[in-house]
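Asker: Before anything else, here's the structure in question.
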Amino acid sequence: MASKRMRGWLAGATAFMIAAGAAAAVPVAHFFEAPPFSGAKLSPSGRYLALRTGGDGRHDGLTVMDLDTGKLQAVAQYGDADVNQFIWLNDQRLVYDLDDHKTAQGDLSYGPGLYAVNRDGGGERQLVHRETYRSSPVKRSISSRTLPYNTYLLNQQHGRDGNAVYALRANWDADTDLLDDFDLLRIDTLSGQAEAVPRPAPVQRWLLDTQGMPRLASSLKDGQTTIHYLPPGSSSWRVLASFDAYTQPPNSFEPVAFSPNGKLLVRARAGGDKLALRQLDLATGEIERDALVALPAFDFSGNPVYSGGKLLGYEVLSDGRTMAWLDEDMKAMQKHIDTLLPGLINLVTPPLWPQSPWLLVRSYSDQQPLIYMVYNRDTKALRTIGTTRPAIHPSDMAQLDLVWLKARDGLPLPAWLTLPKGQKKNLPMVMLAHGGPWVRGGELNWDAEVQFLASRGYAVLAPEFRGSTGYGDKHFRAGIKQWGLAMQDDVADAARWAIAQGIADPRRICIAGASYGGYAALMGLLKDAQLFKCGINWAGVTDISLMYEEKLFYPSDLPADWRKRGMPVLVGDLKQDAAQLAATSPLQQAAHIRQPLLMAYGTSDMRVPLTHGRRLYAAVKEHNPQAELVEYVSEGHGWFVPKTKIDFWSRVEKFLARHIGGAAKAE
């Protein structure tokens, strides 16, 4: 559907929705508990649907539904692990790996493994060990037909009817113990036999073509990304392009997928400000000037949709996701589905090789968590399969809007504004800075953290400060070496905009964020002390120079090439920019943080190690009795285990109630 405001659909339009409950606050667990239904994929013919389900204390398992009969068949269920990724190889056989969603990252002692099973539950075969001590060479493992733990599913569409799956074998740097590159293995899921695909160089990314054959490989060396191409019928890779890996130069592009016409679909600027979807001619290496999909306000982000060997259209992200169909039949079906589900984003996926009338529909909005449905093209009827958050009632949720304002230097600044249900003016507000920072922060969807804060009476404003991706080259480049400077000013400018609009009470604004967002929260307390009355930092950087260090007791997973060649250019050089990095270091300026501060870190975080939080807490606590540090044992960079999420956001609720007041009561 075209991007629309998602309003007015609750009045009887969707009979499967449950009426809203009483006005009492929605329990925190409803936002952050493990979803009972978390995934669905159509088989290549479209007749069968693989479902990942859990709930009631069970680990997530894998079930197959015959959509013609409604019959369910459990094919994978474990007492100590969750089915994680899963794909169909053909209409008979699936492949999946495992995780443990109840165990924090630092306590995980097993790899994901890899398993194959038939849709009737038979023919199960373990392809990859989960035990991390089984690190024998691949040749020895092949003889036993089970590969070592460092072998991971390549989650891409494979060939039409084969029983083979491609997997990535991770290689680690012997000196740093950091992930270096991936080999590609082709594994027969019936025999377990594996063979390595010849590689052109140490490869970071592999891409299969529409026939499920390896055709593209990306490598990284000395700060340069090189794209290698293997022509059909050839055994020799050739270099397609090479460019700087970190600064997005004009000649750079990102491979997206292969097209049935033999060309490569790429994201490229081709001299413009916005990334667009274009075709690259593999014979000449030239990118076509005419874009297949281009958006005036956003970089292209999305995927092509194939069915029956044809390109039918694209899934595209603008402010929200939408389907842009080329096929007239799909346009008509999309229109009918949108009529049945008004006000929702309805993402439609046809089967890869259709022999059945079923299509998968994923529906959601800013107020409605994701629902999985199927649509019958013959009967034109929808069937609900499952919802990710059955305890959440859309009528209790808040409206999300993308607003545009201007930074102090005139740069257009997009920001995501969420207002509590039925409230618009003079509100306590949380400024929420996203992590990355070189990512897009938000889109029109249901966000647990934002909706939780809004349910407690807070306006939430999340700016896409300069340096964020998704809004063009100028917006990205304006953030180079601007940590704590113009990037920080954008956050403050957005807060002042909300005050000027009458939305925010200037006496009740708190700044919060994780990772880079945690850094921004700390810098907000320092740089705009009169504006921000309190701060919340989880997993946040407290000193840029610490990101360059490799300490024995606080290991970092930041790649050596990134620290050597990416960070000096995008963040700041330790020597040349030493004065700037000191002035924008929350740790080195800790004596000036006087506002109430809640911090939380995982003890197994390798992206922003615990030393960031402990050092800052020690420095701030000397003069600020309202500083608090929570350490979550074995959690990593962000919260993985539901009980951690529930505990953390319960703490946030009480902290905000004490210091800026919302619907919740302070304790």
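What follows draws every value from the coordinates through simple rules; no lab data is involved. All values derive from a computational prediction rather than experimental measurement. Here the Cβ positions follow ideal geometry from the backbone for every residue, glycine too, while neighbour counts run over all protein chains shown.
Asker: In debye to the nearest 20, how big a dipole does the chain give about its Cα centre with +1 on each Lys and Arg Cβ and -1 on each Asp and Glu Cβ?
Answerer: With only Lys, Arg, Asp and Glu charged at Cβ, the dipole is about 1000 debye.
Asker: Another question about this same structure. Convert 37 °C to kelvin, take the viscosity as 0.692 mPa s, use the Kirkwood radius over C-alpha pairs of region 87-135 as Rh, and evaluate the Stokes-Einstein diffusion coefficient in µm²/s, rounded to a whole number.
Answerer: 272
Asker: My understanding is that a pair violates if its Cα-Cα distance is over 26 Å; which of 221/481; 263/335; 335/424; 474/645; 406/533 do that in this structure?
Answerer: Table pairs above 26 Å Cα-Cα are 263/335; 335/424; 474/645.
Asker: Next question. Quick one: putting +1 on the C-beta of Lys and Arg, -1 on the C-beta of Asp and Glu, what dipole do you get for region 78-197 around its Cα centre, in Debye to the nearest 20?
Answerer: Result for region 78-197 is approximately 520 debye, rounded to the nearest 20.
Asker: Also: How large is Rg over Rh for region 279-374, taking Rg from the Cα atoms and Rh as the Kirkwood inverse mean of 1/r across Cα pairs?
Answerer: Using only Cα positions, Rg/Rh for region 279-374 is 1.01.
Asker: Using a Förster radius of 41 Å, what is the FRET efficiency between residue 439 and residue 193 based on their Cβ-Cβ separation? Nearest 0.05, please.
Answerer: E between residue 439 and residue 193, to the nearest 0.05, is 0.55.
Asker: Which three extents, in whole angstrom, do the alpha-carbon atoms of region 436-572 cover along their principal axes, largest first?
Answerer: 46, 36, 31
Asker: Can you sort 443, 328 by how many other beta carbons sit within 10 Å, fewest first?
Answerer: Least to most surrounded, the residues fall as 328, 443.
Asker: Classify region 580-659: rounded, prolate or oblate, from the alpha-carbon gyration tensor (a ≥ b ≥ c, eigenvalue square roots; a/c under 1.5 rounded; otherwise prolate if a/b is larger than b/c)?
Answerer: Verdict is oblate for region 580-659.
Asker: Related question: What Rg and what Dmax come out for region 392-503 when only alpha-carbon atoms are used, in angstroms?
Answerer: When restricted to Cα atoms, region 392-503 yields Rg and Dmax of 13.9, 43 Å.
Asker: Regarding region 323-364, what is the average projected area of its C-alpha convex hull, in nm²?
Answerer: Taking the Cα atoms of region 323-364, their convex hull projects to 3.1 nm² on average.
Asker: So what's the back-of-envelope 222 nm ellipticity for the chain, counting only DSSP H runs of four-plus at -39500 (n - 2.57) apiece and dividing by all residues, rounded to 500?
Answerer: Here the helix-only value at 222 nm equals -4500 deg cm²/dmol.
Asker: While we're here: Which lysines, on any chain, are close to residue 331 with Cα under 23 Å apart, when same-chain ones fewer than 8 places away are left out?
Answerer: Reachable lysines: 4, 41, 310, 380.
Asker: Ok, one more. Among 584, 426, 619, whose Cα sits farthest toward the positive end of the charge dipole of region 398-659 (+1 at Cβ of Lys/Arg, -1 at Cβ of Asp/Glu, about the Cα centre)?
Answerer: 426
Asker: Also: How many Å³ per residue does the convex hull of the Cα positions in region 56-110 occupy?
Answerer: Taking only Cα atoms, region 56-110 has a hull volume of 92 Å³ per residue.
Asker: Under 18 Å from the Cα of residue 643, which lysines turn up, not counting those fewer than eight places away in the same chain?
Answerer: Straight-distance partners of residue 643: 102, 654.
Asker: Follow-up. If you put +1 on each Lys and Arg Cβ and -1 on each Asp and Glu Cβ, how big is the dipole of region 169-278 around its Cα centre, in Debye rounded to 20?
Answerer: Using Cβ point charges on Lys, Arg, Asp and Glu, region 169-278 gives about 680 debye.
Asker: Now for a different question. When all C-alpha to C-alpha distances in region 78-197 are sorted into bins of 10 Å, what percent of pairs does each bin hold, rounded to whole numbers?
Answerer: The calculated distribution, bin by bin, is 14, 45, 33, 8, 0.
Asker: Take the Cα radius of gyration of region 398-659 and divide it by 2.2 N^0.38 Å, with N its residue count; two decimals is plenty.
Answerer: That ratio works out to 0.94.
Asker: OK, next. Taking the Cα-to-Cβ direction at residue 329 and at residue 578 and moving 7 Å from each Cα, how far apart do the two end points lie in nm?
Answerer: According to this spin-label approximation, the distance is 6.9 nm.
Asker: Toward the positive end of the charge dipole of the chain, about the Cα centre and with charges on Cβ (Lys, Arg +1; Asp, Glu -1), which of 282, 45, 415 goes farthest?
Answerer: The Cα lying farthest towards the positive end belongs to 415.
Asker: Also, quick follow-up: Along the charge dipole of the chain, pointing to its positive end and built from +1/-1 on Cβ of Lys, Arg, Asp and Glu, which listed residue (322, 84, 460) has its Cα farthest out?
Answerer: 460
Asker: When ranked by the protection proxy of mean other Cβ atoms within 10 Å per residue, highest first, what sequence do the peptides 575-587, 65-77 form?
Answerer: Descending packing order for the listed peptides: 575-587, 65-77.
Asker: Still on this model: Taking Rh as the Kirkwood radius computed over C-alpha pairs, what is the Stokes-Einstein D of the chain at 37 °C in a medium of viscosity 0.692 mPa s, expressed in µm² per second?
Answerer: Reported coefficient: 124 µm²/s.
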